[in-house]
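The values are calculated or read from the model by the stated rules, or taken from the named source; none is laboratory data. Keep in mind that what you see is a predicted model, and the values were worked out from it rather than measured. Glycine also receives a Cβ, built like all others from the backbone with ideal geometry; neighbour counts cover every protein chain displayed.
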Amino acid sequence: MSARMKNIYASEINTLDAAGLLRANLPVEHSLNMEARLGSGGSRTNFMSNDLLGWSFNDALGLSASEACTVYGTGNTSSRSTLGTYELLADLERRLAQFLSLEDCIVFSSMYAANMGLFEALTNHKDKIFTDEICNPGILDGTQLSSATVVPYLHDDMDNLEYHLKCSQSARFRLVVSDGVFDSNGQCAKLERIQELKGVYDAVSLVDDSLGLGVLGQNGRGTCSQLELKSQPDLISGSFAYALGNVGGGFVSGSRELVEWLRQTSRPYILSEPLSPINASIVLKVIEMLEADDSPARRLRDMASSTREEMNQRNWQVGEGEHPVISVQVGSTLNAQKMVQHVMDQGLLVSGLCYPNTPEGESIIRICLTVNHSDEQIQQLIRAIQGGFALIK
């Protein structure tokens, strides 16, 4: 190895460490009651979990995974384009398309892989891609692989989006991209207006509904169902890492023509190992359970609404909506750091998001509620945040 390269990156790592920015992969253990044990640092109540509906410890999903392992083994033998595809994966794609009332679906090994293979396959230098400026980083990374012109529009600003669409009449295709629920604040995008603009300007709409699926809408059908849109987006993508099973994997669903083109040209689909049969069986079981009974999702939305209401009563600046991802504005980056540390000292884990993830001076505390959080744990969280506000005044 080059000694110069080694020394340069060793120096960069030391700089990160000195600034308190070095990421540490601590050993962690999770439990059903939302307690997380972090190395030798003791136990904390976890308000950072993606497992919104508590699938990790679900007995029915564990049985599905075990049965799939018995039938298919622990993994795959090759890419689907090389050796073929398990019927289980084809069944999952059919069920997802049906679940979303769309024509077809393609499943990837991860949502990041889906983003890497989506934009490059569907667009070229003649096209323009319009993205909400706070779309999740996977989308932003994926658009960079396309030769299309990428135009960020101001967050949730439909007038700004329309301005850019008006200025792009010469583009071959115009693709408008948004999260269904924004990861940073838990708020739903203005999808109804996006659909209207898509029709006026002959654009194509894509919604990444990773956070909405399983939690929002009729039987967990997502943000589009929650908002009762008159028409579906052209493409809906999503991750299985949240309320569709809390496992690795992602998908893109839409018209037969667009999905088939992705199967023919998307490099991550063609060249990567597919989703494992174990994960596929878990997601299929989750869809079955959501269609049979969505009361856990409804209960979680009620928890989120009541928690927001209590926070609003304390005059905190809280993101609106029913989603269990809740944001609380705390001001400066330093305030966020102090708040996260104070809450951790009180025995709880929350995320702090600062610039450049949020505008300067608008840092937030990000909270993820799950069906496994107790009322007592939520009250403990509110008391801890209240103490944090007293600390940063």
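Just the residues that are touching a residue at least 12 places away in the same chain (Cβ under 8 Å) and out of contact with any helix residue (DSSP H, G or I) (no Cβ under 8 Å at 6 or more places or on another chain), please, taken from segment 373-388.
S374, Q377, Q380, R383, Q386
Pull out all pairs, ordered by first then second residue, where Cβ-Cβ is under 7 Å, the residues are six or more apart or on different chains, the first lies in segment 224-243 and is under 22 Å from C368 (Cβ atoms) and assigned by TED's automatic domain parsing to the domain that holds S178, and the second is assigned to a loop (DSSP other than H, G, I, E, B) and among the hydroxyl-bearing types (S, T, Y).
So the pair list comes out as G238/S210; S239/S210; Y242/S210.
Within segment 333-362, track down each residue that is within 23 Å of L38 (Cβ to Cβ), outside any helix (DSSP H, G or I) and within 25 Å of the chain's Cα centre (by Cα).
L348, L349, V350, S351, G352, L353, C354, N357
What are the pairs with Cβ atoms under 8 angstrom where one residue, in segment 61-88, is among the β-branched types (V, I, T) and the other, located anywhere, is surrounded by 14 or more Cβ atoms within 10 Å (Cβ to Cβ)? Sequence gap at least six, or different chains.
V71/P277; T74/S276; T74/I278; T85/P274
Checking the conditions here, which among G214, G254, G245, G220 is in contact with a strand residue (DSSP E or B) (Cβ under 6 Å, 6 or more places away or on another chain) and either at pLDDT 95 or above or farther than 28 Å from I134 by Cβ (or both)?
Just one listed residue meets the conditions, G254.
Which condition breaks for L154 when tested against (1) under 17 Å from P356 (Cβ atoms); (2) in contact with a helix residue (DSSP H, G or I) (Cβ under 6 Å, 6 or more places away or on another chain); (3) surrounded by 21 or more Cβ atoms within 10 Å (Cβ to Cβ)?
(3) is the only condition that L154 fails.
Between residues in segment 287-315 that are without any contact (Cβ under 8 Å) to a residue 12 or more places away in the chain and residues that are surrounded by 12 or more Cβ atoms within 10 Å (Cβ to Cβ) and among the polar types (S, T, N, Q), which pairs lie under 9 Å by C-beta distance while being six or more apart or on different chains?
Sorted first by the residue in segment 287-315, then by its partner, the pairs are A292/N219; D293/N219.
Of all residues being under 30 Å from I287 (Cβ atoms) and over 22 Å from the mean Cα position of the chain (by Cα) in segment 33-54, which is surrounded by the most Cβ atoms within 10 Å (Cβ to Cβ)? Just the residue, please.
Ranking the qualifying residues of segment 33-54, first place goes to E35.
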